[in-house]
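Each remark here refers to the structure printed beneath this line.
The values are calculated or read from the model by the stated rules, or taken from the named source; none is laboratory data. These figures come from a predicted structure and were not determined experimentally. Here Cβ is always computed from backbone atoms with ideal geometry, including for glycine, and neighbour counts include all displayed protein chains. Ligands, DNA and RNA are excluded from the accessible area calculation, which covers all protein heavy atoms including side chains. Shrake-Rupley method; radii C 1.70, N 1.55, O 1.52, S 1.80 Å.
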Amino acid sequence: MSRRTIGRAAVLGAVGLLAMLAAPGAGRAGTMFKVAPGYELLDTKADGSSFPGLGSLAGVPLTTFNFGNGAVKTGNTDTILQRTGVAAPANIPNPFPDDPTKWPSATVNLKVLALQVMATMMVDYMNNGKDTYYITLDPNKASTGTQTITWGPSGLSGTFATTLDLNLVIRKGGLNGKIVDTLSTTLKGSDVWSDIAPKDAIKITGVNQFLSGTKGDVTQDFWQQPPLQQIGPGFQDKLQDASPSPEPSGLILGACGLVGLGGFARRRRP
């Protein structure tokens, strides 16, 4: 077993122990080895996100979002992913094998519902003039993906791998500014998850918390644990679960919606 695999297994064990000890009693009575459909509210970190020609990127908070029952406050969130199905492994080995790569997993489909980031400095992007440029979802093309969730021994934590097929536009001067470029990119990232929410994460019942439908039962929830660093050719994007309140500055905050732009195909819009 490689050092990386051993290290990952150790992290899984620690996260699994945390899940069993830290969650409320009602949460432990729920269904393990299952992640319910729900949403991931993410924030792009300016200290780890960049895009060729634009330089460092920072998230632009959505402020509010309607998940189906009216608009709710979403704090620093600039990117929203939706898991559209239940993730549950077909077979659960007992006892677990020593090799973590053989632990149970399941794959669900994703929809990218929102993504908005901006360059932290004014630049002249592709000879379109010096200005502030923004990256948002292409309004005419869907952005989708998949997420493979793997469980550790506790059944309440593990690792995950996400692949997103993004259709994006680059706008000049604002979130609704003139479109100066379009790009399609497939990006990938992986890290550790748990059913325990990070301390400062924004929590919305029925959206990303208590997804089992029972208050206090977190066993079907999904939270990435450390900030997720995604690296591609020329790109670096750093994501974390969004925190509750935007900073006073309002617009520039760090985290991605770009979830790691990797290998983009770009074409100029006529």
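Side notes on the structure shown:
- Kirkwood Rh, Cα atoms: Rg over Rh of region 56-118: 1.19
- Probe 1.4 Å, protein heavy atoms only - accessible area per residue of region 101-244 in square angstrom: 39
- For region 85-242, the relative contact order comes to 15 percent (Cα pairs under 8 Å, sequence separation of at least 6).
- Descending semi-axes in whole angstrom, ellipsoid equivalent of region 94-222, from the Cα gyration tensor: 37, 18, 13
- Packing here is the average count of other Cβ atoms within 10 Å per residue, and on that basis the peptides 136-144, 114-122, highest first, run 114-122, 136-144.
- Count Lys and Arg as plus one, Asp and Glu as minus one, and take only other residues whose Cβ is under 14 Å from that of Tyr134; the net charge is then -1.
- Anchor Lys178: lysines whose Cα lies under 26 Å away (excluding residues fewer than 8 positions away in-chain): Lys45, Lys111, Lys130, Lys141
- Charge context of Lys215, other residues only, Cβ under 13 angstrom, K/R +1, D/E -1: -1
- Within the accessible area of region 53-127 (1.4 Å probe), percent carbon and sulfur: 48
- Count Lys and Arg as plus one, Asp and Glu as minus one, and take only other residues whose Cβ is under 10 Å from that of Leu81; the net charge is then +1.
- Of the trypsin sites (Lys or Arg not before Pro) found in region 74-125, not one falls in a DSSP loop while having at most 11 other beta-carbon atoms within 10 Å.
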